[in-house]
Amino acid sequence: MKKTRNKTICVKVLNKLLFLFIASTFFLIGCESTTNPPPIVELNKAVIVVNEGGYGQNNSSISTYSLEDKIVQTDVYYNANSKKNLGASANDIVISGEKGFIAVTVSNKIHIVEMRDFTSVDSIDFTTFGSPVKLVTSGTNGYVTTLNSLLVKFDISSYSVLDTISVGFKPEGIAISDGKIFIANSGYGVGTTVTVVEESTFRIVKNINVKLNPTNVVSDGNDVFVVSTGSYSDGIGMLTKIDATSLNIIDTLIISKNPGRLALGDDKELYVINGNGIVHVAGATMSIINETLVPASDVNNIYFSINAVGYDRDADLLYLGNPKDYQQNGEIAIYNSSGNEEGRFDAGISPRAIVFKK
């Protein structure tokens, strides 16, 4: 009889503990779901960072760094839009007036946001056209390359697609000069052309042969600079300078260690990421000023890699994306044009693109 009574007491105690555990669990879940995201500090002059996240993992994000009061904000899109995720593999952002256009590659979206606080305005579904990669705007139009080997033209006011045209295989980088759009057809490592499309007619006017694997393009006045990453077996890449009017190649410059993304500085100076770090190039003379202005090992002491580069002309500062191990949140390292570090701030997983809101 005593054993039965003790057993009954134990069961009651266990049931009570189980009830308390379940109740506390629901309480914690309820608290988490109703927690309000931190308010977004409206942006005036700022550095905008697009963080790619893990490939296809739906954890892309936006980070911002105020140039006036040095406030860092992470997960800005998520917090500004009721905990809505940006998507998978964000790749690029372009600012046009008060709006920002964000290419989210794997999610097949271009998100349009208010630049003051990153609240969502609208989005363009790219499921039909393929994954958007790199963006540029001109007048009332936007242009984006897609992994379906298309150049897509869209209206930046109505957010509607206006036209498409087939270009080279797997186009990536894009730039505009002299009324023409220049598209780097990387071919995922096997492409060798830059397609030129006339803006007014939206027709191809020329395909220019360049070094293997053209990935990135910038323009300065009438000069168009194309970075070819080259073969990953020998690492030899190239910078090609093209005249936007004649569409002739003016000059070329060999850059080793698979050059990739680049930023345009003053006086046609270029800052190019390669396997060693940042190569400082004089675009006017097509010569190397400093083969390793900033060593990659100084920026990232885990994998010795730099993932993004931006140049602030007003302050003469370089902003370099440190992806760390590509799993944890990264950071942005700030360097002056002499190659000396000025500071760092937190970013999201795998910072991919850096632009400036002025």
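Relative to the longest principal axis of the Cα atoms of the chain, helix 2-34 runs at roughly 30 degrees.
May I ask which of 109/211; 134/357; 134/358; 70/153; 153/324; 45/257 have a Cα-Cα span longer than 27 Å here?
From 109/211; 134/357; 134/358; 70/153; 153/324; 45/257, over 27 Å: 109/211; 70/153; 153/324; 45/257.
With helices as the sole contributors, the chain gives -4000 deg cm²/dmol at 222 nm; each DSSP H run of n ≥ 4 counts as -39500 (n - 2.57), and the sum is divided by every residue. Residue-wise HN-Hα couplings along the range 159-167, as the Karplus relation 6.51 cos²θ - 1.76 cosθ + 1.60 with θ = phi - 60° gives them from phi, are 6, 10, 6, 9, 6, 9, 8, 6, 10 Hz; Gly and Pro carry x.
Applying both filters, DSSP loop and at most 10 other Cβ atoms within 10 Å, to the GluC sites (Glu not before Pro) of the range 148-227 eliminates every site.
For residue 220, the residues whose modelled amide H falls within less than 5 Å of its own, excluding neighbours fewer than 5 places apart on the same chain, are 225. For residue 180, the amide hydrogen comes within under 5 Å of the amide hydrogens of 199, counting only partners 5 or more places away or on other chains and with H modelled in the peptide plane. Shape class of the range 126-248 from the alpha-carbon gyration tensor: oblate, with a/c at 1.5 or above and b/c at least as large as a/b. Seen from residue 351, the other residues with C-beta closer than 9 Å to its C-beta sum to a net charge of -1, counting Lys and Arg as +1 and Asp and Glu as -1.
Working from label points 7 Å from Cα in the Cα-to-Cβ sense, the residue 232 to residue 342 distance is 3.4 nm. Dipole orientation for the chain: of the candidates 187, 80, 238, 80 has the Cα lying most toward the positive pole (charges on Cβ; Lys, Arg +1; Asp, Glu -1).
For semi-axes √(5λ) of the Cα gyration tensor in Å, computed directly from the structure shown, the correct entry in (1) 27, 26, 24; (2) 45, 24, 20; (3) 34, 29, 18 is (2).
Per-residue 3J(HN,Hα) values for the range 323-340, derived from phi via the Karplus relation 6.51 cos²θ - 1.76 cosθ + 1.60 with θ = phi - 60°, read x, 6, 9, 6, 10, 8, 4, x, 8, 10, 9, 9, 10, 7, 6, 8, x, 9 Hz in sequence order (x marks Gly and Pro). Sparsely packed loop sites in the range 232-318 (the chymotrypsin sites (Phe, Trp or Tyr not before Pro) outside DSSP H, G, I, E and B with at most 12 other Cβ atoms within 10 Å) comprise 232.
Note down the magnitude of the dipole of the chain about its Cα centre, charges +1 on Lys and Arg C-beta and -1 on Asp and Glu C-beta and zero elsewhere, to the nearest 20 debye. Using Cβ point charges on Lys, Arg, Asp and Glu, the chain gives about 2320 debye. Remark: the residue 160-residue 114 segment gains 14.8 nm on full extension, using 0.36 nm per residue and subtracting the alpha carbon distance.
Tell me whether the range 65-171 comes out rounded, prolate or oblate; compute the Cα gyration tensor, take square roots of the eigenvalues as a ≥ b ≥ c, and use a/c under 1.5 as the rounded threshold. Each step should come with its number before you reach the end.
Numbers: a/c = 2.01, a/b = 1.69, b/c = 1.19.
Prolate, since a/c reaches 1.5 and a/b exceeds b/c.
Note that the range 268-283 has calculated 3J(HN,Hα) couplings of 6, 7, 10, 10, 10, 7, 9, x, 8, x, 10, 9, 9, 10, 8, x Hz, one per residue in order, obtained from phi through the Karplus relation 6.51 cos²θ - 1.76 cosθ + 1.60 (θ = phi - 60°); glycine and proline are x.
Work out, step by step, the length gained on full extension between residue 83 and residue 138: first 0.36 nm times the residue separation, then minus their alpha carbon distance; give nm to one decimal.
On the way: separation 55, 0.36 × 55 = 19.80 nm, distance 3.19 nm.
Computed gain between residue 83 and residue 138 is 16.6 nm.
Which FRET efficiency, nearest 0.05, do residue 304 and residue 209 yield, Cβ-Cβ r, R0 30 Å? Step by step, r from the Cβ atoms, then E = 0.35. Cross-link partners of residue 268 among aspartates and glutamates, defined as those whose alpha carbon lies under 16 angstrom from its own and excluding same-chain residues fewer than eight positions apart: 220, 223, 243, 251, 312, 314, 316. Taking amide hydrogens as placed 1.01 Å from N in the peptide plane, the amide H of residue 283 sits under 5 Å from those of 269, 270, each at least 5 positions away in sequence or on another chain.
Coordinate-derived values only; no laboratory data. All figures in this text were calculated on a predicted structure; none of them were measured in a lab. Neighbour counts are summed over all protein chains in view; Cβ atoms, including those assigned to glycine, are modelled from backbone coordinates with ideal geometry.
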